[in-house]
1. Might you check whether a residue that is at pLDDT below 95, surrounded by fewer than 17 Cβ atoms within 10 Å (Cβ to Cβ), more than 9 Å from the chain's Cα centre (by Cα) and in a loop (DSSP other than H, G, I, E, B) occurs anywhere in the range 57-74?
2. Of all residues being surrounded by 10 or more Cβ atoms within 10 Å (Cβ to Cβ) and of a type in the set (S, T, Y) in the range 186-213, which is farthest from the chain's Cα centre (by Cα)? Just the residue, please.
3. So in the range 214-236, with the set limited to residues that are at pLDDT 95 or above and of a type in the set (S, T, Y), which one is surrounded by the fewest Cβ atoms within 10 Å (Cβ to Cβ)?
4. From the list R138, R133, which residue is out of contact with any His (no Cβ under 7 Å at 6 or more places or on another chain), surrounded by fewer than 20 Cβ atoms within 10 Å (Cβ to Cβ) and part of a loop (DSSP other than H, G, I, E, B)?
5. Would you confirm, using the coordinates I've provided, whether G125 is small (G, A, S) and at positive phi?
6. Among (1) in a loop (DSSP other than H, G, I, E, B); (2) out of contact with any Asp or Glu (no Cβ under 9 Å at 6 or more places or on another chain), which single condition is R220 missing?
7. Select from the range 101-130 the residues that are in contact with a Phe, Trp or Tyr (Cβ under 7 Å, 6 or more places away or on another chain) and in a strand (DSSP E or B) and write down the one among them that is nearest to L194 (Cα to Cα).
Amino acid sequence: MLKKFLRKLISPETIERYFIVFSMFVKNTKRKSYRKAGKHTELFGPLYTIPSFVELDDWTRLQGETRVTTSGGILRVKKFSAVGADCIFVPGSHVPTVGLPQFLSVTHVNDRAGEIVVEEDVWVGTRCTFLERAHVGRGAVVGACSLVNKEVPPYAVVAGSPAKVIAVRFSLEQILQHEAILYPPEERTPREQLEALFETTFKGLRTIGTSSLSPEDAVRLAKAKAKYEIPDYSGR
């Protein structure tokens with residue numbers, strides 16, 4: 001009985017399960033495992049990622065159950081962005097090929113390696129799916145359970161399957177104020193670019209953000225920025 005138990009304990013199938021669990025909760029939650037991981041990157045397991053194909057800038061977060069399914073494509077998440085729980089990223093696809101049954105797609109014949117980019121200061125809600133060529137602009141908000149398969153404008157609020165622009169995160173003046181705090185002058189979005197968006201894509205849409213903070217929240221925010229060493233570029 002003991003020998004049978006030990007054989008099962010060290011069988012290839014059991015060892016593979018151990019490795020999967022180890023990857024989900026240990027390897028994939030370590031910054032050093034990733035293709036790139038900046039300072040104050042937060043990784044909450046379980047994570048079903050392939051770290052060598054994921055780049056994470058400073059101050060980024062992946063919540064638990066995030067999945068990256070790739071056959072060579074890259075996921076890039078830029079600074080200040082946070083990905084909610086149970087999201088799926090697919091930075092690549094299979095090209096339908098004569099003579100190749102779908103069952104053999106795991107052989108990676110005629111795979112197409114793509115790229116998914118989540119720009120700075122993006123919030124991704126829970127259970128979103130991102131397909132090849134998805135590109136989420138700076139400051140955007142992606143509503144829970146959305147499917148993103150194309151470009152999302154900066155500071156847009158999108159939702160649905162496929163995701164569509166339904167609102168704007170901030171007003172034009174709020175965006176300028178927001179960026180003047182978070183980014184040095186050379187990294188800020190030009191006013192002319194923002195004005196063009198508000199005259200076209202955002203015309204007539206509501207904004208969801210605010211510039212107001214209670215004294216208590218202002219203190220809480222200042223403490224959090226100090227803890228994570230987030231610079232303030234106000235006045236520059």
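The values are calculated or read from the model by the stated rules, or taken from the named source; none is laboratory data. For clarity, every value in this text was computed on a predicted model and none was experimentally measured. Cβ coordinates were reconstructed from backbone atoms using ideal geometry, including for glycine residues, and neighbour counts include every protein chain displayed.
1. yes
2. S211
3. Checked the range 214-236; the qualifying residue surrounded by the fewest Cβ atoms within 10 Å (Cβ to Cβ) is S214.
4. After ruling out the rest, the residue left standing is R133.
5. Judged against the criteria, G125 is not a match.
6. All conditions are met except number (1).
7. I116
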